[in-house]
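Have a look at the structure below before the remarks.
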Amino acid sequence: MVNLLAPRSRLWLIFLVAGVLATAAYFLISSAVGQAAVYASVGLASFFAAIFGTILIPSERSRALPWWLIGGGVLMFVVGDIVWDFYEIVLGREVPF
């Protein structure tokens, strides 16, 4: 059984607190660039959580493939969103969708 109070197991709590703070920051930041950066950071953090979760938790190593696929999907979503933001914010053009 996993001890939720062990230092390594507290990572979920750190991730939760960071997510709440990032959500608050997103709504408090008024610039589009700042909001896009926070949004992309949350997405990248989700990618790393999926990948490193399989590495840090030994019982998950045998079931790592689905988590790696989910992480890859999240990463592709984040890359697509960064490209979208680049078109809208940096180039000031409509996204060719």
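Before moving on, here are some points about what is shown:
- When ASP81 is tested against (1) modelled with pLDDT of 90 or more; (2) in contact with a Gly (Cβ under 8 Å, 6 or more places away or on another chain); (3) open to solvent by 90 Å² or more (accessible area, probe 1.4 Å), exactly one condition is not met: (3).
- Number of residues in the range 27-72 that are surrounded by 14 or more Cβ atoms within 10 Å (Cβ to Cβ) and more than 17 Å from the chain's Cα centre (by Cα) equals 3.
- Close pairs from the range 79-97: first over 15 Å from ALA32 (Cβ atoms), partner open to solvent by 100 Å² or more (accessible area, probe 1.4 Å) and aromatic (Phe, Trp, Tyr), Cβ under 7 Å, at least 6 apart: none
- When ARG93 is tested against the conditions (1) outside any helix (DSSP H, G or I); (2) modelled with pLDDT under 90, the lone failure is (2).
The values are calculated or read from the model by the stated rules, or taken from the named source; none is laboratory data. None of the values given here were measured: they were computed from a predicted structure. Heads up, the Cβs are rebuilt from the backbone with ideal geometry, glycines too, and the neighbour counts pull from every protein chain shown. For the accessible areas, the whole protein counts, side chains as well, though only heavy atoms, and no ligand, DNA or RNA atoms are used. Shrake-Rupley method; radii C 1.70, N 1.55, O 1.52, S 1.80 Å.
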